[in-house]
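The values are calculated or read from the model by the stated rules, or taken from the named source; none is laboratory data. This is a predicted model, so every value here is computed, not measured. Neighbour counts are summed over all protein chains in view; Cβ atoms, including those assigned to glycine, are modelled from backbone coordinates with ideal geometry. Note: areas computed on protein heavy atoms with side chains; ligands, DNA, RNA excluded. Shrake-Rupley method; radii C 1.70, N 1.55, O 1.52, S 1.80 Å.
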Amino acid sequence: MNMTPPKFAQPLKVLVVEDNPIDRRIIETMLQESSSPVALLKSTETLAGAFQLLGQHAFDVVILDLNLPDSEGKDTLRSLSSKYPQVTIVINTGAYEDELGLHTLSYGAQDFLVKGKYTAYVLHKALYYALERKRLERELTAAYQRLQETQAQLLQMEKMKVVGALASGIAHEIKNPLASISYGATYLHEQIHSSDAKIQSVLANIKEAVCKANGIVTDLLNFAGATSLHKGPENLNEIIEKSLALIHYELDKKHIQVVKRTDQGIPPVHIDRNRIEQVLINLMLNAIQASPPGGTLELKTYCQGITEGFCTRYNLDKAGFGAGTTVIICDVEDNGTGILPEHLQKVFEPFFTTKHASGGIGLGLSVTKSIMDNHNGIVAIENITDHSGVRARLVFQPCQ
Ligand SMILES: Nc1ncnc2c1ncn2[C@@H]1O[C@H](COP(=O)(O)OP(=O)(O)O)[C@@H](O)[C@H]1O
Ligand SMILES: [Mg+2]
């Protein structure tokens with residue numbers, strides 16, 4: 001019976017590993033005389049030879065005899081499939097090894113042939129199905145990997161929800177005693193007209209420490225979304241000016257030069273002024289802290305019609321952020337240290353900080369993200385490609 005063998009998507013690159021010259025000849029002839037052209041056909045008698053050839057060429061499929069001069073049985077397959085997991089393997093077994101052939105499928109081969117019992121048609125069919133199986137195996141592995149990643153993300157989100165709920169509960173409890181300490185310190189400061197500089201300095205330290213603790217607690221509450229927003233139409237450029245005024249001491253201390261490229265014609269955005277001020281201050285402080293003395297802080301505002309590429313780059317699958325939408329962008333750029341690639345994924349995690357030594361607590365960006373989420377906006381942190389430093393990008397929708 002003359003059956004047409006299946007057609008391959010492209011000419012195959014085949015490696016035949018077979019120490020019996022007759023068996024090898026049979027396979028080579030069947031492949032060479034086939035109607036499906038073979039792009040590359042190499043053979044070797046040993047496993048060592050197979051490794052050498054696999055290192056030199058990208059074969060699609062290996063036809064493998066298990067009993068070779070330098071390796072026996074299942075070990076041959078195990079060594080090959082563990083060293084070259086991406087290659088498709090079709091076992092070529094002796095008739096008495098039929099049983100062994102079946103078992104080998106579970107050791108990483110995709111099909112098996114029994115010597116002396118196959119025709120050119122059967123050989124091609126085996127290669128065709130083996131390649132298909134390998135392709136599906138690869139797709140399955142990739143899908144499984146994506147599933148695992150999504151599961152890890154969901155777990156992280158669940159954990160964050162619990163952390164958020166716990167944090168807001170604890171934060172409320174801490175805020176009251178902090179207020180008492182602060183009032184107490186202010187009262188003592190007023191009542192004790194002491195000329196003792198030490199007493200005055202202790203009181204000032206108490207107030208400063210309370211203020212810092214209160215700031216952290218407020219950050220936690222904001223992060224947990226436990227405080228309500230007061231949104232209205234606001235001019236982003238004005239909020240930038242106000243934020244700059246609030247951190248001018250930090251800027252001066254490090255002699256940072258501020259370069260403003262703000263578009264005065266941008267439309268208003270619907271935001272909570274105080275929260276976005278907090279976002280900008282977080283981003284500017286990070287920029288200053290990463291900058292060398294005398295560095296540059298660049299602030300930009302502009303409108304932009306967004307493209308498909310922009311949507312994909314910033315994962316803008318939120319409502320109203322489709323391609324074609326005009327958005328308002330605010331970039332905070334520095335020429336500082338930049339962020340290590342392995343840290344980029346982590347910067348939005350609460351308590352992730354590389355500034356332990358200088359008292360960083362790692363809440364700035366997680367709070368920023370939480371605030372931007374509550375404004376249906378986006379915050380992205382990326383390394384600048386044409387010079388050192390970081391670009392923090394905020395994307396807002398204009399007022400409807
Ligand atoms: N502009 C920047 N340049 C370099 N690294 C940055 C910048 N912004 C953020 N980072 C990195 O992200 C981390 C988290 O930032 P953040 O959440 O604000 O916490 P913190 O400033 O307290 O460390 C920082 O510790 C730093 O490693
Ligand atoms: Mg910070």
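Just a few scattered comments:
- Counting only protein heavy atoms and a probe of 1.4 Å, the accessible surface of the stretch 247-400 is 51% carbon and sulfur.
- Given charges at beta-carbon only (K, R positive; D, E negative), |dipole| of the chain in Debye: 580
- Sequence-distant aspartates and glutamates (8 or more away, or on other chains) whose Cα lies within less than 12 Å of residue 115: 18, 23, 65, 97, 98
- Descending by average beta-carbon neighbour count within 10 Å, the peptides 244-253, 230-239, 136-145 line up as 230-239, 244-253, 136-145, the highest first.
- For the chain, the equivalent ellipsoid derived from the alpha-carbon gyration tensor has semi-axes of 67, 25, 20 Å in decreasing order.
- Candidate lysines - alpha carbon under 27 Å from residue 242, same-chain residues fewer than 8 apart omitted: 175, 207, 212, 231, 253, 254, 260, 300, 355, 369
- When Rg and Dmax are taken over the Cα atoms of the stretch 286-357, they come to 15.5, 45 Å.
- The stretch 12-141, relative contact order [Cα under 8 Å, separation at least 6], %: 21
- log10 of Debye I(q)/I(0), alpha-carbon scatterers only, for the stretch 12-141 at 0.09, 0.12, 0.19 Å⁻¹: -0.21, -0.38, -1.06
- The trypsin sites (Lys or Arg not before Pro) of the stretch 1-76 that meet both conditions, a loop assignment by DSSP and at most 12 other Cβ atoms within 10 Å of the site Cβ, are 7.
- Here the scattering of the stretch 150-223 is modelled by Debye summation over its C-alpha atoms, one equal scatterer each and no solvent; at q = 0.14 Å⁻¹ the log10 of I(q)/I(0) is -0.57.
- Rg ratio (alpha-carbon, reference 2.2 N^0.38 Å) - the stretch 199-273: 1.50
- Proximal lysines to residue 134, defined as alpha-carbon separation beneath 17 angstrom and excluding residues fewer than eight positions away on the same chain: 7, 13, 83, 125
- Over the residues of the chain, the helix contribution to mean residue ellipticity at 222 nm works out to -16000 deg cm²/dmol, using -39500 (n - 2.57) for each DSSP H run of at least 4.
- Whole-Å distance, taken between Cα centres, linking the stretch 282-335 and the stretch 192-237: 28
- Note on the stretch 74-187: with charges restricted to the Cβ of Lys and Arg (+1) and Asp and Glu (-1), its dipole about the Cα centre is near 220 debye.
- Accessible carbon and sulfur surface of the stretch 7-116 relative to its total accessible area, %, 1.4 Å: 52
- If R0 equals 41 Å, the separation of the Cβ atoms of residue 246 and residue 146 corresponds to a calculated FRET efficiency of about 0.40.
- Ranking 180, 322, 51 by Cα position along the charge dipole of the chain, where only Lys, Arg, Asp and Glu carry charges on their C-beta atoms, puts 180 farthest toward the positive end.
- Of the peptides 374-380, 17-23, the order by per-residue mean of other Cβ atoms within 10 Å, starting with the highest, comes out as 374-380, 17-23.
- When its C-alpha radius of gyration is set against 2.2 N^0.38 Å (N residues), the stretch 231-396 gives a value of 1.00.
- Beta bridge orientation in the chain: antiparallel %, DSSP, nearest 5: 55
- Per residue, the stretch 328-400 exposes 46 Å² of accessible surface when a 1.4 Å probe is rolled over the protein heavy atoms with every protein chain present.
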